[in-house]
Amino acid sequence: MINEYRKSFNENFSDKKFREFQDALTEGFAKIPFRIAETPVFIPKELSEKLITAGEEIIKLIRQPDFKELTAASIPELWRVPDENDHPHFLTFDFAICKDINGELTPMLIEMQGFPSLYGFQLHLAKKYKEAFGLDRNLTPLFGDFDEHAYVELLKQVILGDHEPHEVALMDVDALDQKTAIDFLVTQKYIGMKILALADIFKEGKSLFYMENGEKIRLKRIYNRLIFDEVADKKNIFKDSFDPREQLDIEWVTHPNWFYRVSKYTMPFLKSKFLPETHFLNALSATPKDLENYVLKPLFSFAGMGVLIDVKPADIEAIPDPENWILQRKVNYEQVVESPDGGVKVELRLMYLWPDGGEPNLCINLARLSKGKMIGVRYNKDFDWVGGTVGLITH
């Protein structure tokens, strides 16, 4: 989108360079099971400023004194975890890049999460793009005054807190079998914390432990990557480990309740020019007459699962739990990235770190490119110049 960088990148792109980039990206790590795009996104200053403003508006809502009251019903009783802290440690906001009525690029909020994203991998990805394609050293994926050192130090502060790396574990169900395992491994390289599957952790009293070289080591803090909805259908999933919903002597980063509080559930409470019209389905007084201009989304789904793009009245009538759905006006993604065979749509994720006792910091970003009907792997299987990437800006 920064024309000089886009023109130069496309003119100098080659399949050979891309293969070398892919090899460098995975060197020392396992193969990445999701598609990485051929190009980064070059974010112009005007769009970057709008993204920053949009993020600030959302954070203002999250910091309202009544935010927990507003979002109390978002947490399913089945998955409520005790000892919730005052704020999420991670915030991610996904924006479609569109054009406004004046023809200028503008972000429109699509999704938001109080849950970690690829905080380690995105820094690694940007570095490998810059090295492989000989990009301007002034290009960076980092916002504000952050350089690589300051960013990694803040990430370390957020994840470790006051503890030693061996007392902190990144936890998921089968951590190293997850699609995002590359992020887990890169983060471990930067931070040094353990990577543990749920089954690696056991409970004695209210304390949690893991074994290493025959020694029992107590965990003080969990960098939580476990999503409850993904294990809801697995009976006795916690039987041989521990149940996060019990009273435990453990610090959460971030606490599991924030996954629900900061989500699509939050969006109807937000009033912003960067948010498409959004309603709780059960709060609609009447179905919009131009229903073809809306999309129907389940509140708690991931990677576009369950989203209905071409909504009909019968679809709404068939929803058994309208309190768990939102109806949102469609946005028109602009084809803002020029590829060798046409324009590509962009979604940008702003990624924040919020340390204990500190302030939320916009740090880094994630981008996804699409030529399909929606952003997401299954809508882009047969295309190139699509997939995961990173936005680069200049300060």
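The values are calculated or read from the model by the stated rules, or taken from the named source; none is laboratory data. Since the structure is predicted, the reported quantities are computational estimates derived from the model, not experimental observations. In this analysis, Cβ positions are derived from the backbone assuming ideal geometry, glycine residues included, and neighbour counts consider all displayed protein chains.
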Quiz item: Of the conditions (1) crowded, with 16+ Cβ neighbours inside 10 Å; (2) touching a residue at least 60 places away in the same chain (Cβ under 8 Å), Tyr210 fails just one. Which one is it?
Solution: (2)
Quiz item: Going through segment 74-104 one residue at a time, which ones are surrounded by 13 or more Cβ atoms within 10 Å (Cβ to Cβ) and either in a helix (DSSP H, G or I) or among the aliphatic types (A, V, I, L, M) (or both)?
Solution: Ser74, Ile75, Trp79, Val81, Leu91, Ala96, Ile97
Quiz item: Residues Ser48, Ser14: which one is of a type outside the set (Asp, Glu), out of contact with any Lys or Arg (no Cβ under 7 Å at 6 or more places or on another chain) and without any contact (Cβ under 8 Å) to a residue 24 or more places away in the chain?
Solution: Ser14
Quiz item: Among the residues of segment 178-187, is any hydroxyl-bearing (Ser, Thr, Tyr), surrounded by 13 or more Cβ atoms within 10 Å (Cβ to Cβ) and assigned to a helix (DSSP H, G or I)?
Solution: yes
Quiz prompt | Selected residue (criterion: surrounded by the most Cβ atoms within 10 Å (Cβ to Cβ)) from residues of segment 239-287 that are aliphatic (A, V, I, L, M) and out of contact with any strand residue (DSSP E or B) (no Cβ under 9 Å at 6 or more places or on another chain) | solution = Ala283
Practice problem: Determine whether Ala24 is modelled with pLDDT under 95, surrounded by fewer than 19 Cβ atoms within 10 Å (Cβ to Cβ) and small (Gly, Ala, Ser). | Solution: no
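Rundown of residues vs (1) more than 21 Å from Lys60 (Cβ to Cβ); (2) out of contact with any helix residue (DSSP H, G or I) (no Cβ under 8 Å at 6 or more places or on another chain); (3) small (Gly, Ala, Ser), yes/no style:
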position: Tyr265; (1), (2), (3): no, no, no
position: Ala286; (1), (2), (3): yes, yes, yes
position: Phe300; (1), (2), (3): yes, no, no
position: Leu308; (1), (2), (3): yes, no, no
position: Ala314; (1), (2), (3): yes, yes, yes
position: Val331; (1), (2), (3): yes, yes, no
Practice problem: Name the strands (runs of 3 or more DSSP E) wholly inside segment 288-395 in which the number of residues that are of a type in the set (Asp, Glu) and closer than 27 Å to Glu4 by Cβ is 1 or more. | Solution: 335-339, 342-353
Practice problem: From Gln157, Gln122, grab the single residue that is more than 22 Å from Pro256 (Cβ to Cβ) and either within 18 Å of the chain's Cα centre (by Cα) or not charged (D, E, K, R) (or both). | Solution: Gln122
Quiz item: Within segment 112-129, is even one residue of a type in the set (Lys, Arg), crowded, with 19+ Cβ neighbours inside 10 Å and not in a strand (DSSP E or B)?
Solution: yes
Practice problem: Taking the residues in segment 218-262 that are acidic (Asp, Glu) and out of contact with any Lys or Arg (no Cβ under 9 Å at 6 or more places or on another chain) as candidates, determine which candidate is modelled with the highest pLDDT. | Solution: Asp240
Practice problem: Report yes if Lys60 is of a type in the set (Lys, Arg) and touching a residue at least 40 places away in the same chain (Cβ under 8 Å), otherwise no. | Solution: no
Quiz item: Of these, Asp315, Asp356, which one is within 30 Å of Gly161 (Cα to Cα), loosely packed, with under 15 Cβ neighbours inside 10 Å and touching a strand residue (DSSP E or B) at 6+ places or on another chain (Cβ under 9 Å)?
Solution: Asp356
Quiz prompt | Single unsatisfied condition, Ala24 versus (1) assigned to a helix (DSSP H, G or I); (2) closer than 19 Å to Ile97 by Cα; (3) of a type in the set (A, V, I, L, M, F, W, C) | solution = (2)
Quiz item: Looking at segment 200-217, is at least one residue touching a Pro at 6+ places or on another chain (Cβ under 7 Å), at pLDDT 95 or above and in a helix (DSSP H, G or I)?
Solution: no
Quiz item: Among the residues of segment 147-171, how many are out of contact with any strand residue (DSSP E or B) (no Cβ under 6 Å at 6 or more places or on another chain) and of a type in the set (A, V, I, L, M, F, W, C)?
Solution: 3
Quiz item: So Arg329 clears everything in (1) under 30 Å from Gly144 (Cα atoms); (2) out of contact with any Cys (no Cβ under 9 Å at 6 or more places or on another chain) except one condition, right? Which one?
Solution: (1)
